[in-house]
Amino acid sequence: MAGLIDLANPTRFMRLSAVVLPGLTGAAVLLLAVGFYLAWFVAPADYQQGETIRIMFVHVPAAWLALMFYTVMTIAALGTLVWRHPLADVAQKAAAPIGACFALICLLTGAFWGKPMWGTYWVWDARLTSVLVLLLIYLGIIALWRTLDEPSRAGRLVAILTLVGFVNVPIIKFSVDWWNTLHQPASVLRLDGPSIHPSMLWPLLILAVGFTCLALALHLVAMRAEIMRRRVRTLTILEAERLDRLATQAGPVQGLPA
Amino acid sequence: MSNLGPHAGFILASYAAVVLVLGGLIATVVLDHRAQKRALAALEQRGAGRRSGQAAP
């Protein structure tokens, strides 16, 4: 908890994130390189789905990350509403476009996988529809951030919307169990262990960790940019006030109203 | 990998979507970071945070 409180200071966060970023980016590049090599050159074609199983290596990590980033945003929303954590709404704002991109990748790759395997790009089943709803919630949150100028007011409203939207996360996860869906049930995160052969499971897990490192690195960079944006906003206001004060001290200019 | 089979187009389209979406995201995040860094440096150089009317040394 003490570590979290230390990180709450934006200056300290900027310093620590600058130290962490190169390592995180390096880990992402290395893991993605190894993962894609294993996925494309070592993992065999599936006995039923053939070469289309290669789509799984990007589709599944994207789905996991879309859910993970929404969960991160929900924790940040609690930080904003309950603890008024100084970095919570910064973290939430920076996470939304990243989560949205992974939800979009999940839907696009799912459609390209669905056409050859199911005979259709899209079907309104519970899993696909709930992931589409997740993307729409992400887009709504991004739009709300852009609508309101004042960051702390926007942060509170977005936090409430984020908490309400979290109800969709367990729906996505359990939709394949609760309803009769065209989408297959879970193959990795199961109580009785993964049902995928290790030759495909390992590349998938390595790629999932690699994409997670990449997403976290992007999140840190986006948070740093947001902290700087708020500092720019504050300094711009201070500069305007200073210039206004100077103009008042100098007195009215001839020909212009005071 | 030598032969992607009859569904090669779908496999390649999936990976193209990943490259496009993630590439766009990375470019947006990095360019925004650079722009904010530049704007902040310019403001600090002008002494925007000072209470007094003095310019930065």
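Couplings 3J(HN,Hα) of region A:205-220, computed from phi: 5, 4, 5, 4, 5, x, 5, 5, 4, 4, 5, 5, 4, 5, 5, 5 Hz, in residue order, whole Hz [Karplus 6.51 cos²θ - 1.76 cosθ + 1.60, θ = phi - 60°; x for Gly and Pro]. At q = 0.24 Å⁻¹, work out log10 I(q)/I(0) for region A:1-109 with the Debye formula, treating every Cα as an identical point scatterer and leaving solvent out; two decimals please. Taken in order of the listed q values, log10 I(q)/I(0) reads -1.30.
Determine by what factor the alpha-carbon radius of gyration of region A:49-202 differs from 2.2 N^0.38 Å, reporting the quotient.
On the way: Rg = 17.0 Å, N = 154, 2.2 N^0.38 = 14.9 Å.
The reported ratio for this selection is 1.14.
For the residues A:Ile172, A:Ile196, A:Ile53, a GNM of chain A with alpha-carbon springs under 10 Å puts the largest fluctuation on A:Ile196.
For region A:179-185, backbone phi angles converted through the Karplus equation (6.51, -1.76, 1.60; θ = phi - 60°) give residue-by-residue couplings of 10, 7, 10, 6, 5, 6, x Hz, Gly and Pro being listed as x. Across region A:135-152, rounded Karplus estimates of 3J(HN,Hα) from the backbone phi angles (6.51 cos²θ - 1.76 cosθ + 1.60, θ = phi - 60°) give 4, 5, 5, 4, 5, x, 5, 4, 5, 5, 4, 6, 6, 9, 6, 7, x, 6 Hz, Gly and Pro being marked x. Principal axis analysis of the Cα atoms in region A:126-258 yields extents of 82, 30, 21 Å, listed in decreasing size. Protein heavy-atom surface of the protein assembly as shown, 1.4 angstrom probe: 68% of the accessible area is carbon and sulfur, with nucleic acids and ligands not counted.
Between chains B and A, what is the buried accessible area in Å², counting both sides, with a 1.4 Å probe and ligands, DNA and RNA left out, to the nearest 100? The buried area between B and A, both sides summed, comes to about 3400 Å². Pick out which of A:Phe57, A:Phe211, A:Phe174 has the largest mean-square fluctuation in a Gaussian network model of chain A, springs linking Cα atoms closer than 10 Å. Looking only at A:Phe57, A:Phe211, A:Phe174, the biggest GNM fluctuation is shown by A:Phe174. Rg then Dmax, both in Å and based on the Cα atoms of the protein assembly as shown: 23.7, 86.
Given R₀ = 22 Å, FRET efficiency for B:Ala35-A:Arg12 by Cβ-Cβ distance, to 0.05? All intermediate terms of the calculation are to be shown ahead of the outcome.
Numbers: r = 24 Å, r/R0 = 1.07.
After rounding, the FRET efficiency stands at 0.40.
Once you sort the root eigenvalues of the Cα gyration tensor of region A:148-213 as a ≥ b ≥ c, which label holds: rounded (a/c under 1.5), prolate (a/b larger than b/c) or oblate (the other case)? Each step should come with its number before you reach the end.
Working: a/c = 4.14, a/b = 1.77, b/c = 2.34.
Taking the square roots of the gyration eigenvalues as a ≥ b ≥ c, region A:148-213 is oblate.
Non-local amide H neighbours of B:Gly47 (under 5 Å, H modeled in plane, Pro and chain starts lacking H): which ones? Result for B:Gly47 returns B:Ala56.
For chain A, adding -39500 (n - 2.57) for each run of n ≥ 4 DSSP H residues and dividing by the number of residues yields -26000 deg cm²/dmol at 222 nm.
The values are calculated or read from the model by the stated rules, or taken from the named source; none is laboratory data. All figures in this text were calculated on a predicted structure; none of them were measured in a lab. Note that we place each Cβ from the backbone using ideal geometry, even for glycine, and neighbour counts take in every protein chain shown. To get the accessible areas, we keep the full protein, side chains included, count just its heavy atoms, and leave off ligands, DNA and RNA. Shrake-Rupley method; radii C 1.70, N 1.55, O 1.52, S 1.80 Å.
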